[in-house]
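Below: the structure, in C-alpha cells.
Please treat every number below as a calculation from the coordinates, not as lab data. The structure displayed is predicted, hence computed values, not measured ones. Reconstructed Cβ throughout: ideal geometry from the backbone, glycine too, with neighbour counts over all protein chains shown.
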Amino acid sequence: MISKIKILVADDHPLLLSGLAEALRNFNYDVVSTCENGAKALDQIIDLTPTIAILDVEMPYLSGIEVVRKCKEKELNTKFILLTSHKEKSLILETKELGISGYILKEEPFSEIQRCIQAVHSGHTYYSKTFDAIYNTKVAPELERIKFLTPSERTIVRLIAKGNTSKSIAEMLGLSVRTIDNHRANIINKLELPSQTDALTTWAKEHFSMLDAI
C-alpha cells in the first residue's frame, strides 16, 4: 500500500522542499523527514531507514551523490531517487554506476515523481526520458569509443585533461615527444575527433570521468 512507503525528502530550496513534502502527503505517502542539507539527510536516512530517499544533487555539506555513496558503503536498504535540474553527462554516468534507482528532473510534473516512486518501490529503475536520451545518444557512444583506447592511451588522455603538453607528458612517462604525438594522433582517430589542435584537450576535459568507467 502507498501509505507504507516511507519517504525522506532532501532539498536546500525551502519552498520546493515543503511543496514536494505536502504533495507526497496528499497522496498518502509517509514523509518521515524533510532535510535542508546533505549531512542531515544522511543522519536521518541512517536513523529512520526510509523506503525511498528523494535527494537534490546540490546541497550544503554533502551532495546527493555523496549521500548515496555513504549510504551504500553502510549497505543500507533505502532506495534513492535524484530530483535535480542537472543534465550533465558525468552526473548521468555516475548515477548509472552507483545504481541509483530513479532520476527525475525538477521541471517535470509531480505525476512523473509519483510514477518514479511506484516503479522504484516495485524494484525497478525509473529515469527521466531526458536522462535516457542523453545516456543513449551522448554517454554510451563515448563509452564505446573509449573501449578502443589502450591503458597507455587512457593515461595520456588523463594527463592531457589536466593541461599537460606533449613535452611534459613525455618527460613524465620517460618517452619521446614524437611518441606522445603519435599516441595523440591514434587517440584522435579512435575517438573520431576533428584534427584541430585543441579538440582532444576539450574532449579529455569534458569526458575525464568516463575514462575509468570501462
Partner lysines whose C-alpha sits under 23 Å from that of Lys147, ignoring same-chain residues fewer than 8 away, are Lys89, Lys96, Lys138, Lys162, Lys190, Lys205
Please name whichever of Ser128, Leu91, Ser63 sits farthest to the positive end of the charge dipole of the stretch 48-131, dipole taken about the Cα centre and charges placed at Cβ: Lys and Arg +1, Asp and Glu -1.
Ser128
Counting C-alpha atoms alone, how compact is the stretch 147-210: give Rg to one decimal and Dmax as a whole number, in angstrom.
10.6, 28
Please report Val57, Val67, Val32 as a ranked list, fewest other C-beta atoms within 10 angstrom at the top and most at the bottom.
Val32, Val57, Val67
Fewest first, what order do His86, His183 take by the number of other Cβ atoms within 10 Å?
His86, His183
Give the relative contact order (percent, whole number) for the chain; include only Cα pairs under 8 Å separated by 6+ residues.
14 percent
For the stretch 1-96, restrict the atom set to alpha-carbon positions and state the Rg and Dmax in Å.
12.7, 36
Placing +1 on each Lys and Arg Cβ and -1 on each Asp and Glu Cβ in the chain, then taking the dipole about the Cα centre, the residue among Ile104, Trp203, Gln44 whose Cα reaches farthest towards the positive end is Trp203
Could you tell me which trypsin sites (Lys or Arg not before Pro) in the stretch 145-205 are loop residues by DSSP with no more than 15 other beta carbons within 10 angstrom of their beta carbon?
Lys147, Lys162
To the nearest 0.05, how large is the calculated FRET efficiency for Asp30 and Asp181 if R₀ is 45 Å and r is the Cβ-Cβ distance?
0.15
Placing unit charges on C-beta atoms (Lys and Arg positive, Asp and Glu negative, everything else neutral), compute the dipole magnitude of the chain about its Cα centre in debye, rounded to 20.
560 debye
Sort Met59, Met172, Met210 so that the residue with the fewest other Cβ atoms within 10 Å of its own Cβ comes first and the one with the most comes last.
Met172, Met210, Met59
Over the alpha carbons of the chain, what is the largest minus smallest coordinate on each principal axis, giving the biggest first in Å?
66, 30, 29
